[in-house]
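In what follows, a single structure is set out as structure tokens and then discussed.
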Amino acid sequence: MNILIVGSGGREHAMAWRCAQEGHKVFCAPGNPGISQVAECIPLETQTPEHFLQVARLIHADLTIVGPEVPLVAGIVDHFEAHGLRIFGPTAAAAELEGSKAFSKEFMARHGIPTARFQVFDNLEDAKLGLGRFEYPVVLKADGLAAGKGVVIAKTKADAWTALEGLFSGDLVGAAGSRVLIEDFWRGEEVSFIAICDHDTAIALPPTQDHKNIFDNDEGPNTGGMGAYCDDRILSQEQKDEILENVILRTLRGMASEGKPFRGFLYAGLMMTPDGVKVLEFNVRLGDPETQALLLRIEAGFVDTILAATEHRLPSAHLQLSTGATACVVMAAHGYPGKVRTGDRISGIENSGEAMVFHAGTKFEDGELKTAGGRVLGVTAGGATLQEALNRAYRGLGSIHFDGMQFRRDIGQKGLKRYTN
């Protein structure tokens with residue numbers, strides 16, 4: 001089968017690798033140097049739904065899988081389906097679950113999906129007044145797409161005012177911050193719960209945990225994700241069943257009732273609080289770097305399950321998973337998540353041992369592999385236990401070097417505590 005992967009990051013590298021492992025011919029648009037080792041990359045001058053459609057026709061794609069959120073919100077699925085091509089992902093209407101934080105929160109309120117108390121503001125003055133209705137710390141969110149950087153946790157009024165000014169001015173996340181949500185801050189442990197969905201049915205993937213802050217101990221500004229691990233111990237079976245029923249399936253039923261049936265990867269960012277499961281946000285695609293850890297655990301059935309979802313036979317699909325755990329440690333460029341320096345030479349990937357190295361922001365220049373984005377590499381490994389997976393990932397990372405590289409040294413530490421309790 002010819003499969004087209006849309007995107008160019010670490011998530012797309014992991015998807016291309018998994019599809020190739022299952023025996024398919026894989027293409028990626030636009031791809032990256034790492035993806036080119038397992039798939040044929042097709043460069044694009046512009047990344048519009050029409051240009052992706054042209055690529056799919058050129059390669060006679062039997063299936064297209066969309067990685068990032070931007071093409072989904074732009075209507076790539078609608079465009080493909082209007083021309084009779086098979087594609088996996090939500091329509092533009094359904095992708096609003098991620099495209100607008102305000103829509104997502106209001107949807108959750110309408111359908112009884114547990115989430116934080118919130119208010120939406122369209123201008124700076126009203127938002128500053130609205131802060132008085134919340135306690136500190138308080139959460140500020142850009143309404144639009146912000147590549148994982150549109151959330152600020154403000155500990156004081158001064159911090160909140162500074163963040164609001166940055167959001168509404170466009171300095172922090174551009175146009176995505178022209179509308180802002182203020183919501184209550186919850187204490188607890190974050191969990192990423194992702195399911196493969198087809199309108200009213202879903203197959204849950206193993207739970208994962210991302211690490212958003214740039215520095216160890218969850219300090220520093222938010223990023224797109226500095227590492228993740230996948231381990232069944234993250235949630236009990238009872239918790240998994242509850243989340244599948246009360247979050248995922250309730251969302252599917254709600255979207256269908258509003259005339260926006262959802263097919264694709266549905267990602268629920270959760271907070272496990274003393275009062276139960278609460279939904280922080282929805283994404284309408286696989287997470288990054290969660291995907292790297294997830295797809296290393298899948299041994300077979302990834303493509304077949306996606307095909308089953310596109311053919312309304314999802315309940316008959318089966319994913320074959322490895323036992324144990326997997327972990328991904330992100331290596332980021334100098335300056336990330338602020339102004340990123342690119343063009344630093346990368347060395348040592350060939351000596352990464354048992355670890356898989358997924359490329360996120362790399363380029364070939366003057367015959368050398370160099371940094372080309374904020375998150376550069378995702379060093380990923382599996383093991384019989386989480387500790388073994390982490391050891392292998394960090395050993396692999398230790399062989400790699402580029403000037404200014406940043407990485408967290410505490411990926412998975414919360415998960416390790418579950419092995420001693």
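Every read-out reported here was derived from the displayed coordinates using simple, explicitly stated rules and does not represent laboratory data. Note that the coordinates shown come from a computational prediction; the quantities given were computed from them, not determined experimentally. Virtual Cβ from ideal backbone geometry, glycine too; neighbours counted across all protein chains shown.
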Response to the item:
Checked the range 1-143 against the a/c 1.5 cut and the a/b vs b/c comparison, axes a ≥ b ≥ c from its Cα gyration tensor; verdict prolate
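Would you please give the FRET efficiency between Ser169 and His318, computed as 1/(1 + (r/R0)^6) with r the Cβ-Cβ distance and R0 = 51 Å, to the nearest 0.05?
0.50
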Fill in: aspartates and glutamates whose Cα lies under 15 Å from that of Lys212, excluding same-chain neighbours fewer than 8 positions away
Glu189, Glu190, Glu281, Asp288, Glu290, Asp410
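Can you tell me how much longer the chain between Asp344 and Asp216 gets when fully stretched, taken as 0.36 nm per residue apart minus their C-alpha distance, in nm with one decimal?
Difference between extended and current length: 43.7 nm.
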Worksheet item: Which residues make up the longest stretch of the chain clear of GluC sites (Glu not before Pro) that lie in a DSSP loop with no more than 15 other Cβ atoms within 10 Å, not counting the sites?
Response: 136-257
Worksheet, complete the sentence: Expected vector for the range 306-319, Karplus 3J(HN,Hα) from phi with 6.51, -1.76, 1.60 and θ = phi - 60°, integer Hz, x for Gly and Pro, equals 5, 4, 4, 5, 6, 10, 6, 9, 4, x, 8, 7, 9, 9
Discussion item. Please compute the modelled spin-label separation between Asp232 and Phe103, points set 7 Å along Cα→Cβ, answer in nm with one decimal.
Written reply: 3.7 nm
Fill in: Cα centroid separation - the range 133-154 against the range 299-344, whole Å
26 Å
Practice prompt. Divide the volume of the convex hull of the Cα atoms of the chain by its number of residues and quote the answer in cubic angstrom per residue.
Written response: 137 Å³
Worksheet item: Are any of the pairs Lys128/Lys414; Lys101/Lys414; Lys260/Lys417; Lys101/Lys417; Lys240/Lys414 more than 30 Å apart by Cα-Cα distance, and if so, which?
Response: Lys128/Lys414; Lys260/Lys417; Lys101/Lys417
Discussion item. Apply the a/c threshold of 1.5 to the C-alpha gyration tensor of the range 189-321 and tell me whether it is rounded, prolate or oblate.
Written reply: prolate
Worksheet item: Taking amide hydrogens as modeled 1.01 Å from N in the peptide plane, which residues meet the under 5 Å criterion relative to Leu280, leaving out close sequence neighbours?
Response: Gly269, Leu270, Met271
Worksheet item: Taking amide H positions as placed 1.01 Å from N in the peptide plane, with prolines and chain starts having none, which residues 5 or more places from Arg263, or on another chain, fall under 5 Å of its amide H?
Response: Thr91, His199
Item to complete: Rounded to the nearest 0.05, what FRET efficiency do Arg187 and Leu58 give with R0 = 56 Å and r taken as the Cβ-Cβ distance? Could you check?
Response: 0.65
Practice prompt. Determine the calculated [θ] at 222 nm for the chain from helices alone, applying -39500 (n - 2.57) to every DSSP H run no shorter than 4 residues and normalising by the residue count; nearest 500 deg cm²/dmol.
Written response: -7500 deg cm²/dmol
Worksheet item: At a Förster radius of 45 Å, what calculated FRET efficiency corresponds to the Cβ-Cβ distance of Arg117 and Thr46, to the nearest 0.05?
Response: 0.65
Worksheet item: Where nothing but the Cβ of Lys and Arg (+1) and of Asp and Glu (-1) is charged, how large is the charge dipole of the range 158-286 around its Cα centre, in debye to the nearest 20?
Response: 540 debye
